[in-house]
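K.L.:
Questions regarding the structure given below will be posed in turn.
The values are calculated or read from the model by the stated rules, or taken from the named source; none is laboratory data. This one's a predicted model, so the numbers in the text were calculated from it and none came from an experiment. Here the Cβ positions follow ideal geometry from the backbone for every residue, glycine too, while neighbour counts run over all protein chains shown.
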Amino acid sequence: MTEQGGIVVVPWPGRRLSAREELAGLLAAYHLATEAEKGEAVTDVDALPDRYRAEISDPGTAFAEDAVLLALVGDTAVGCLVMTAPADGRSEVKRLWTDPSVRGRGIASTLLAAAFEQAAESGVKTERLSVWNWRTGAIALYERLGFAVVPSWDARDRLVCMQRAV
């Protein structure tokens, strides 16, 4: 557990069902916002690609091997982050999202700090992530935390790949 300024980051608590709904809501918001930013006309979860709907409908299965962190303010989940299971000394940060109504309070930084701590404890040597190039605020945050742009491992246009040593 990590705590900073009233923000508590916990592993998806026992993957309990009540937190599943909160996580699903955060994931839905993340995917809907991303599709809108791409210019896709997606108005609800049912119109999302299958792989994203699967994450939202059953995050326990979608992220069975991964670490899922939730940021809580009080009893309310306001952010999430998925860190893939370590492979070949590295792990990938995915699905970092904070509720827009609480941005600017350090939630993303707190989630990332908790993920980095967990990665180090798991023997991970390199953290990596990909981010859309229009998310300039996120890119600036990642650079402040030691991430650097690296050659892409993903062929999608406008995707920036970054990594840092743990």
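K.L.:
Pick from Glu117, Glu92: which is at pLDDT 90 or above and in contact with a Leu (Cβ under 8 Å, 6 or more places away or on another chain)?
P.N.:
Going through Glu117, Glu92 in turn, the sole match is Glu92.
K.L.:
On the basis of being within 24 Å of Cys161 (Cβ to Cβ), of a type in the set (S, T, N, Q) and modelled with pLDDT under 95, does Thr110 make the cut?
P.N.:
So Thr110 fits the description; yes.
K.L.:
Enumerate the pairs (first residue in region 84-106 and farther than 15 Å from Gln118 by Cα and of a type outside the set (D, E, K, R); second residue anywhere and modelled with pLDDT under 90 and assigned to a loop (DSSP other than H, G, I, E, B)) with beta-carbon separation below 8 Å, excluding pairs fewer than 6 apart on the same chain, so at least 6 apart or on different chains.
P.N.:
From region 84-106, the pairs are Gly106/Gly5.
K.L.:
Mind checking which strands (runs of 3 or more DSSP E) fall wholly inside region 62-114 and carry at least 1 residues that are of a type in the set (S, T, N, Q) and surrounded by fewer than 17 Cβ atoms within 10 Å (Cβ to Cβ)?
P.N.:
Counting at least 1 such residues, we get 76-83.
K.L.:
State all residues of region 110-142 that are in contact with a helix residue (DSSP H, G or I) (Cβ under 7 Å, 6 or more places away or on another chain) and touching a residue at least 60 places away in the same chain (Cβ under 8 Å); if no residue qualifies, say none.
P.N.:
Trp132, Trp134
K.L.:
Tell me, please, whether a residue that is at pLDDT below 90 and either surrounded by 16 or more Cβ atoms within 10 Å (Cβ to Cβ) or touching a strand residue (DSSP E or B) at 6+ places or on another chain (Cβ under 9 Å) (or both) can be found in region 39-51.
P.N.:
yes
K.L.:
Among the residues of region 143-166, write down those that are without any contact (Cβ under 8 Å) to a residue 24 or more places away in the chain and crowded, with 17+ Cβ neighbours inside 10 Å.
P.N.:
Phe147
K.L.:
Do we find that Val73 is closer than 20 Å to Ala113 by Cα and free of Cβ contacts under 8 Å to residues at least 24 places away in the same chain in this structure?
P.N.:
no
K.L.:
Can I ask one more? Considering only residues that are modelled with pLDDT of 90 or more and in contact with a strand residue (DSSP E or B) (Cβ under 6 Å, 6 or more places away or on another chain), which ones fall in region 72-88?
P.N.:
Across region 72-88, the qualifying residues are Val78, Gly79, Cys80, Leu81, Val82, Met83, Thr84.
K.L.:
Every residue in region 51-107 that is out of contact with any Cys (no Cβ under 7 Å at 6 or more places or on another chain) and on the phi > 0 side of the Ramachandran plot, please.
P.N.:
Across region 51-107, the qualifying residues are Gly74, Asp88, Gly89, Gly104, Gly106.
K.L.:
Further, regarding this structure: Could you tell me which of the residues Lys125, Lys94 is of a type in the set (D, E, K, R) and in contact with a Gly (Cβ under 6 Å, 6 or more places away or on another chain)?
P.N.:
Exactly one residue qualifies, and that residue is Lys125.
K.L.:
Output the number of the condition that Leu27 fails; it satisfies all remaining conditions of (1) aliphatic (A, V, I, L, M); (2) in a loop (DSSP other than H, G, I, E, B); (3) in contact with a helix residue (DSSP H, G or I) (Cβ under 9 Å, 6 or more places away or on another chain).
P.N.:
Of everything listed in (1) aliphatic (A, V, I, L, M); (2) in a loop (DSSP other than H, G, I, E, B); (3) in contact with a helix residue (DSSP H, G or I) (Cβ under 9 Å, 6 or more places away or on another chain), Leu27 misses just condition (2).
K.L.:
A further question on this structure: Would you check which residues across region 127-141 are in contact with an Asp or Glu (Cβ under 9 Å, 6 or more places away or on another chain) and not in a loop (DSSP other than H, G, I, E, B) and list them?
P.N.:
Once the filter is applied, which keeps residues that are in contact with an Asp or Glu (Cβ under 9 Å, 6 or more places away or on another chain) and not in a loop (DSSP other than H, G, I, E, B), region 127-141 yields Glu127, Arg128, Leu129, Ser130, Trp132.
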